[in-house]
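Pasting in a structure now, in C-alpha cells, and then I'll have a few things to ask.
Just so you know, all these numbers are worked out from the coordinates, no wet-lab data involved. Just so it is clear, the model here is predicted, and its values are computed rather than measured. Positions of Cβ are backbone-derived with ideal geometry, glycine not excepted, and every protein chain shown enters the neighbour counts.
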Amino acid sequence: MYRNEPLERYLKDAAAGTSTPGGGSMAALAGALATTMASMAANLTVGKEKFKQHDAQLKKVLEKCEKSRETLLSLMEEDIKAYGEVINAYGLPKSTGEEKIKRSEAIQNAAIVAMEVPLKTMMCCLRVSERTRELVDIANPNLISEVGVACYLADAAFQSAKLNVETNLAAIRNQNLVSKVRNEINHAEKKAKLFFEETKERVIERMMI
C-alpha cells in the first residue's frame with residue numbers, strides 16, 4: 001500500500017484525521033529507518049583494508065539488517081490492516097443478542113491480531129538494537145554517529161511498538177494470553193535497555209577518540 005508510494009503520502013495520511021496509519025505502523029517505520037543507518041555504517045566499513053578483520057561479521061550484520069528492514073516494512077502495512085479489522089469489528093450490528101455475541105467475538109479476535117502485529121515489531125526492533133550493539137565496536141569510527149542514530153531509532157521504535165501492544169492487551173479478555181505476552185514484554189524490555197545503554201555509552205566513547 002504505502003511502501004511503494006512517496007513518503008510524503010504516508011506522512012500526510014498519518015497526520016490526517018483518520019485512524020490509520022497509526023502508532024503501530026509508525027513504530028515499524030521507525031524501526032526500518034534504524035536498519036538503514038546500521039546498514040549505512042556497515043556498508044561504508046565492509047571491504048575497507050583497515051577493517052578487513054571484521055568483514056565476515058559486518059556482512060552478517062548487513063544481511064540481518066536487510067531482513068529486519070523487509071520485515072518491518074511489511075509490518076508497517078500489516079498494522080494498518082489489523083487496526084482496520086478492529087474498526088470493522090466495532091462497527092458490527094448489536095441489536096440482537098446473537099449480534100452482540102458475534103460482535104464481541106469479532107472484537108476479541110481483531111484485538112488479538114492488532115496486538116500481535118506490534119509485538120512482532122517490538123521483537124524485530126529488539127533484534128535491530130542487538131545489531132547496533134554489535135556494530136558499534138566494529139564500524140568505521142567516522143560512521144559512529146550513524147550507529148548512534150540507529151541505536152536511538154531502534155529503541156524509540158521498540159518502545160513505541162510496546163505501547164501499542166499494551167493498548168491492545170487492555171481489550172483482550174483471555175488473561176492467560178495477556179499474562180504470557182506481558183512476560184514476553186518484560187523479558188524483551190530488559191534486553192532492549194541493556195543494548196541501548198551499552199551502545200549509547202560506546203558511541204559516546206568512540207566519538208571522543
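Once you've got the Cα coordinates, tell me which of K59/K162; K67/K190; K60/K191 are over 26 Å apart.
Cα-Cα > 26 Å for K59/K162; rest within.
Along the positive direction of the dipole of the chain (beta-carbon charges: Lys, Arg +1; Asp, Glu -1; about the Cα centre), which of T20, L194, L143 reaches farthest?
Among T20, L194, L143, the one farthest towards the positive end of the dipole of the chain is L194.
Which whole-number percent of Cα pairs in the chain have a distance greater than 32 Å?
27 percent
Do you know the relative contact order of the chain, to the nearest whole percent, from alpha carbon pairs under 8 angstrom that are 6+ apart?
In percent, rounded to a whole number, it is 28.
Here's something else I'd like to know. Just going by the charge dipole of segment 58-105, with Lys and Arg at +1 and Asp and Glu at -1 on Cβ, which of I87, L73, S104 is farthest out on the positive end?
The one lying farthest along the dipole's positive direction is L73.
For the chain, build the charge dipole from Cβ charges (+1 Lys, Arg; -1 Asp, Glu) around the Cα centre, then report which of V203, V165, Q175 sits farthest towards its positive end.
Q175
Let me ask something additional. Work out from phi, with θ = phi - 60° and the Karplus expression 6.51 cos²θ - 1.76 cosθ + 1.60, the ³J(HN,Hα) of each residue of segment 170-187, listed in order in whole Hz, and give x for Gly and Pro.
Whole-Hz 3J(HN,Hα) from phi for segment 170-187: 4, 9, 8, 8, 6, 5, 5, 5, 4, 5, 4, 5, 4, 5, 4, 4, 4, 5.
Hey, got a sec? Which trypsin sites (Lys or Arg not before Pro) in segment 93-187 land in a DSSP loop and have at most 16 other Cβ atoms within 10 Å?
Sparse-neighbourhood loop trypsin sites (Lys or Arg not before Pro): K94, R173.
Within a 10 angstrom radius of the beta carbon, how do D79, D137 rank from fewest other beta carbons to most?
Listing D79, D137 from fewest to most nearby Cβ atoms yields D137, D79.
I'd like the orientation of helix 55-90 relative to the chain: the angle between its Cα long axis and the longest Cα principal axis, in ° from 0 to 90, rounded to 10.
20 degrees
I would also like to ask the following. Given Cα pairs under 8 Å that are at least 6 residues apart, what percent is the relative contact order of segment 81-127?
41 percent
Additional query: How big is the charge dipole of segment 22-207 about its Cα centre, in debye rounded to the nearest 20, if each Lys and Arg gets +1 on its Cβ and each Asp and Glu gets -1 on its Cβ?
Here the size comes out at about 220 debye.
Ranked by Cβ crowding within 10 angstrom, fewest neighbours first, how are E85, E8, E105 ordered?
E8, E105, E85
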